[in-house]
Every structure is written in C-alpha cells, then in structure tokens.
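> Below you'll find the structure I mean.
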Ligand code: HPA
C-alpha cells in the first residue's frame, strides 16, 4: 500500500538529518499568516520540494517551505504554506504535514487559516479560536488502509480542538488588541467561494466561519493523539452575509492589515503552551 508508515518516515528521516534538536511545537501557517515564519530564530529552511514524499504547495500566496528553529523561546517546526484538497491532492496525502510533525517529536500543533465570517456579529480582522468543525466534505484523510503506528481505525474527536490549548488562547486574547471569538469552522472544498445559499445553510447548521483547509489536519491530529489549536483569521464576510461578492484581494488585504497583532498573539500563545 502506498501511504504506509515507511512512506511518512521517509519525509521525517530527511528533515531529521537537517536538524540537531526536537521541535516541541508544530505550526501550520495559512493564507496571510506566513510572515510569522520570519520571526523564527536561527532558522533552518527546507523547501517542500526537497523533502521526499512531501507535497508541493501550488497556491501562489503560500511560500512552500519548512522552517525549523526557535520562536518565543520554544523549538518549533513551521510550515509556511499548506496543502489544500482543491489543489488536486488525494485526501490521504493531506495527512503528510501532521504525520511529519508527529514523527519529528512535536507535542502540540497550532493551525492557522484565513476564513470567511458567517456569524454576522464577526468583523473582518477578527480571530476565531476554533472549538469544533463541520466537515461538509464528508470525506476523511485517514480513509483507506489504517496506519496503525499513528492511531486506531476508529478514533475519538471530542477534544480535537484541545480545550487546554483553547484556554491558553483565551488567556492570551486578553493581552491582544484583536477581537477574538470562539466558534465553529465549516469546511468547504473550494476553490470557489461559497454561494449565498450555502452560507445561509452553514449559518443554520451552526457554522460561524467557513474555509477550505484545516479539517484534514485536525482529523489527522486527532487520529495520532496530537493536541491541536485552530485559529481562523476572518478576512471577509462570507457571501451574502452583508456583501454579495467575496474578493480574494480583500482576503489578502485584511490578512495584511492584522498581520502584526496576529503575529504577536500567536507568539504569546507559543510562549505559554
Ligand atoms: N470562504 C471560504 N474560504 C475563505 C473565505 C471564504 O469566504 N475567505 C477566506 N477563505
């Protein structure tokens, strides 16, 4: 079988050969969150393309490199740029980043993303600490052959967005200038933004925000018992909430406008994790 334990070990063996420390915290940086990687001290930078059995980010806004070093006093491995199903990968391949973290010895992971605000009380520039998700796609990254070395076939997801890490994120929120909520993320395939009818349905179903990433990583983390914190940056109001059109330039512009406080917020969380 293609995606067996040895397949993922090959990626980890290569990365391990480039470092002489064990990263404690893994960070996946989504759209507009990439500049945080510049803060990593004594960075060892590995382009994704150099890592065997790893994927290459095709999204022009994603740098596509692994950065290992120290952030806020902690040893970290940072992915600047992530992989999305809409890029054409198989769902099973999207397990690669979290499984790489796990094999490198990472204890806790932060995933960030850009998302559309469905909850009408949110504003562009707000942050949502994810407490749960709805997987509108239905599909699972751990489908097919179960890699027992990572986790069991059937696994619990009740604390997937780990309460202890959410508590830290709330505590750090009190020191941030950002408006920070807690909410539910709805996973959509993309790459198109949603229709207004889809957004109305998402609102009725209990989604507070909507995006095209994070869920494959969160499910993979739950499978291998990795505590996870999910942070969504609201880059725009979702279709029909109070705007008719969603514009990718607005997504990037909002992300850039809160980049500095968001970077400080994530560093504070890393320091207290
Ligand atoms: N929908 C889906 N994904 C997104 C959005 C959105 O409105 N904004 C940023 N990522």
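The values are calculated or read from the model by the stated rules, or taken from the named source; none is laboratory data. As the structure is a prediction and not an experimental result, all values here were calculated from the model. Cβ atoms come from the backbone with ideal geometry, glycine included; neighbour counts cover every protein chain shown.
> What pairs can you find where one residue is in the stretch 181-192 and free of Cβ contacts under 8 Å to residues at least 40 places away in the same chain, the other is more than 9 Å from the ligand (Cβ to nearest atom), and their Cβ atoms are less than 6 Å apart, with a gap of 6+ or different chains?
Between residues of the stretch 181-192 that are free of Cβ contacts under 8 Å to residues at least 40 places away in the same chain and residues that are more than 9 Å from the ligand (Cβ to nearest atom), there is no close pair.
> Any idea which of (1) assigned to a strand (DSSP E or B); (2) closer than 17 Å to residue 93 by Cβ is the one residue 56 doesn't satisfy?
(1)
> For residue 19, are the conditions met, namely being part of a loop (DSSP other than H, G, I, E, B), at pLDDT 90 or above and touching a strand residue (DSSP E or B) at 6+ places or on another chain (Cβ under 7 Å)?
When the stated conditions are applied, residue 19 passes them.
> Does the stretch 127-146 hold any residues that are surrounded by fewer than 21 Cβ atoms within 10 Å (Cβ to Cβ) and either assigned to a loop (DSSP other than H, G, I, E, B) or more than 19 Å from the chain's Cα centre (by Cα) (or both), and which are they?
136, 137, 138, 139, 140, 143, 144, 145, 146
> In the stretch 237-253, what count of residues is obtained for those that are within 18 Å of the chain's Cα centre (by Cα) and either surrounded by fewer than 18 Cβ atoms within 10 Å (Cβ to Cβ) or over 12 Å from residue 33 (Cα atoms) (or both)?
The qualifying residues number 1.
> Taking into account only those residues within the stretch 211-246 that are part of a loop (DSSP other than H, G, I, E, B) and within 20 Å of residue 153 (Cα to Cα), which is farthest from the ligand (Cβ to nearest atom)? Step through it out loud before you land on a result.
First pass over the stretch 211-246, keeping only residues part of a loop (DSSP other than H, G, I, E, B): 212-214, 224-227, 238, 240-242, 244-246.
Restricting the remaining residues to those that are within 20 Å of residue 153 (Cα to Cα) gives 224-227.
Working: 224: 26, 225: 28, 226: 24, 227: 25 Å.
Applying the filter and picking the extreme gives 225.
> So for the stretch 254-263 (the condition being under 18 Å from the mean Cα position of the chain (by Cα), in contact (Cβ under 8 Å) with a residue 12 or more places away in the chain, in a strand (DSSP E or B) and more than 10 Å from the ligand (Cβ to nearest atom)), does at least one residue qualify?
Checked the stretch 254-263: no residue is under 18 Å from the mean Cα position of the chain (by Cα), in contact (Cβ under 8 Å) with a residue 12 or more places away in the chain, in a strand (DSSP E or B) and more than 10 Å from the ligand (Cβ to nearest atom).
> Could you list all residues from the stretch 79-103 that are under 16 Å from residue 226 (Cβ atoms), away from the ligand (no atom under 16 Å from the Cβ) and under 11 Å from the mean Cα position of the chain (by Cα)?
Residues satisfying the conditions are 79, 97, 98.
> Continuing with this model, one more query. Checking residue 106 against (1) under 17 Å from the mean Cα position of the chain (by Cα); (2) in a helix (DSSP H, G or I): exactly one of these is not met. Which one?
The one condition residue 106 does not meet is (2).
Yes/no per residue for (1) touching a strand residue (DSSP E or B) at 6+ places or on another chain (Cβ under 9 Å); (2) more than 27 Å from residue 144 (Cα to Cα); (3) at pLDDT below 95:
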site: 47; (1), (2), (3): yes, yes, yes
site: 76; (1), (2), (3): yes, yes, no
site: 80; (1), (2), (3): yes, yes, yes
site: 94; (1), (2), (3): no, no, yes
site: 103; (1), (2), (3): no, no, no
site: 106; (1), (2), (3): yes, no, no
site: 111; (1), (2), (3): yes, no, no
